[in-house]
1. Test A:Arg293 against the stated conditions and say whether it is in contact (Cβ under 8 Å) with a residue 60 or more places away in the chain and among the charged types (D, E, K, R).
2. Hey, which of the strands (runs of 3 or more DSSP E) in the range A:138-251, taking only ones fully inside, have at least 1 residues that are surrounded by fewer than 24 Cβ atoms within 10 Å (Cβ to Cβ) and charged (D, E, K, R)?
3. What are the residues in the range B:158-182 that are within 11 Å of another protein chain (Cβ to nearest Cβ) and of a type in the set (D, E, K, R), if any?
4. Mind checking which residues of the range A:224-247 are under 15 Å from A:Gly171 (Cα atoms) and facing chain B (nearest Cβ under 10 Å)?
5. Within the range A:252-275, how many residues turn out to be in a helix (DSSP H, G or I), within 15 Å of the chain's Cα centre (by Cα) and β-branched (Val, Ile, Thr)?
6. Suppose the filter is aliphatic (A, V, I, L, M), over 17 Å from the mean Cα position of the chain (by Cα) and facing another protein chain (nearest Cβ under 8 Å); does B:Ala198 pass it?
7. Could you list, in sequence order, all residues of the range B:121-152 that are more than 26 Å from B:Met25 (Cα to Cα), touching a Phe, Trp or Tyr at 6+ places or on another chain (Cβ under 7 Å) and not polar (S, T, N, Q)?
8. Every residue in the range B:126-157 that is touching a strand residue (DSSP E or B) at 6+ places or on another chain (Cβ under 9 Å), within 14 Å of another protein chain (Cβ to nearest Cβ) and within 16 Å of B:Ile252 (Cα to Cα), please.
Number of protein chains: 2
Amino acid sequence: VFNRGMQPALIGIDWGSSSFRAYLMSTGGEVLDEISSGDGIGSVAAGAYPVTLKRLIGRWLDVHASLPALASGMVGSRHGWREAPYVKCPAGPQDVAQRLTTVEAGGRTVFLAPGLSTEDEAGGDVMRGEETEIFGVADAGAGLIVLPGSHSKWAKIEGGRVAAFKTFVTGELFAALRDHTIAGAFAKAAPAKTPGEAFALGVSRGAGAASGKAEVGLLGLLFGARSLPLMGALDQDDAGEYLSGLLIGAEIGEARRLYPGEEPHVAGAAVLVKRYLAAFGALGVSARDAPPRAAARGLFRIARDGGIL
Amino acid sequence: VFNRGMQPALIGIDWGSSSFRAYLMSTGGEVLDEISSGDGIGSVAAGAYPVTLKRLIGRWLDVHASLPALASGMVGSRHGWREAPYVKCPAGPQDVAQRLTTVEAGGRTVFLAPGLSTEDEAGGDVMRGEETEIFGVADAGAGLIVLPGSHSKWAKIEGGRVAAFKTFVTGELFAALRDHTIAGAFAKAAPAKTPGEAFALGVSRGAGAASGKAEVGLLGLLFGARSLPLMGALDQDDAGEYLSGLLIGAEIGEARRLYPGEEPHVAGAAVLVKRYLAAFGALGVSARDAPPRAAARGLFRIARDGGIL
């Protein structure tokens, strides 16, 4: 039972490869209820989307039979429920809202949001799901948004739309080096709760390599996570922090060459946001964290701009 | 039975982490016989080196009871037979020969060659085993030597000694991305026998990123092995060649900033040398392949300079 200002208006769903998160949202865009699970599309058989959705949020679907449902993320990829083709940048919530794909679940229409694509000197880039988080952060006025993670995304915002973006495989590369290479094998110690000197040294060297001014480039720096402990120039327990710093520093250095000037707004898991803010601090770059639940706000923006509320 | 010019003079051993290769060499440095196996030090228990050596080359040890034996590679690491501490650059065969460590095997002395270390802006670097190959190539007058592989080594030669060197984790990074990341998952097609257009495009972009002049840096390029096929901008079957090109191009670009001017001499497995020469060709850089059996020549040089022949 909700008060009048808290009338349910939207079921927003962020359905990625390995996770599912749904928001019951009010007419004013507040999150009234939230359900999350590990039922990413990687664990959903083709054709099993309607029954999976019923199992995960059937309670909402029954009680709020007339509410619109909007889903973003890999659920709209060719390996998901149905493909919602990429929308080219520049693109904002309105552009995405005009290109929704629809599917049916138990007689109910579910809207699938497309991802974004961009073209650049290196051929281009794609995202699917992150755009809803970005729209949510951009709504608060950010000009440059960072979503750190396996595939970190940096998005340049102009007039409320994503003007351009770039993916950096920072998190995935760190894990692959740590777990599957000799070069990164010393990085297996648990990450520091508070990034320290080894992290800051890595950040500084990684960013220097990305600037094009340092003597040693990124590929030449990575073996340092092994050679420096072997030489006694770095504590072996610090190798993981150093390697993490090299990669995050390189990401920040490369991204700031692409998108100079704007203050980065960092959104995502608290532990990652903290680590990135520490890296910005080590480089003397002003940056801030973004308010939480950006994906919910972005879904609400798309639904409102698309007139499906 | 050998003629007089072919008198056996040295048993040279290149004993790495995952392979073993031994050369029976003449007084003139020719290879008279060769034995190789997969018995790298990773498969040898502590204390089992003498018995392993007897099993692998016992025939030579019996017949040529007075020949000196010299081994290089990971066998001289702290995880090998006995540690032979790194020699600092600049270092040539004579410097290494003065720092041999000895072990005993069935009443016979075996000499272990140390690896090299170098210091640079990024803290420094180490090698162990590659120095014998490098000495072998340098013997023929090369000024800049490239040993492509999991951990590619570039060595600057001055006056027959290694003045400086740098490791690039190119091969290991390629395999880790291909086998253990979503970003590199499209790269699973078998590599092309003759590197083609997708490889050359990757080389050009990777080298451009390393130059510090291109818009997109190396970390920002890697996701292209996934995003470009998803956008239809690259054939999915070409993703592996493209990714291989990005990494090799970045290696060459970074290394040539460190060691400009000299013509690179590339030594190693034929398929890798061919791929690197194709990359140099795509960049318009003159390079050449080095004569085979460089490790045997390097071992001979160390033994001769150390007076153990």
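The values are calculated or read from the model by the stated rules, or taken from the named source; none is laboratory data. Predicted model only: the values in this text are computed from it and were never measured. Heads up, the Cβs are rebuilt from the backbone with ideal geometry, glycines too, and the neighbour counts pull from every protein chain shown. Side chains are part of the model used for accessible areas, which takes the heavy atoms of the whole protein and leaves out ligands, DNA and RNA. Shrake-Rupley method; radii C 1.70, N 1.55, O 1.52, S 1.80 Å.
1. Considered against the rule, which asks whether it is in contact (Cβ under 8 Å) with a residue 60 or more places away in the chain and among the charged types (D, E, K, R), A:Arg293 comes out as yes.
2. A:152-158, A:161-168
3. Scanning the range B:158-182 gives B:Lys166, B:Glu172, B:Arg178, B:Asp179.
4. A:Tyr242, A:Leu246, A:Leu247
5. Summing the residues that are in a helix (DSSP H, G or I), within 15 Å of the chain's Cα centre (by Cα) and β-branched (Val, Ile, Thr) in the range A:252-275 gives 2.
6. So B:Ala198 fails the test.
7. If the condition is that a residue be more than 26 Å from B:Met25 (Cα to Cα), touching a Phe, Trp or Tyr at 6+ places or on another chain (Cβ under 7 Å) and not polar (S, T, N, Q), then B:Asp125, B:Val126, B:Leu144, B:His151 are the ones that fit.
8. Across the range B:126-157, the qualifying residues are B:Val146, B:Leu147, B:Pro148, B:His151, B:Ser152, B:Lys153, B:Trp154, B:Ala155, B:Lys156.
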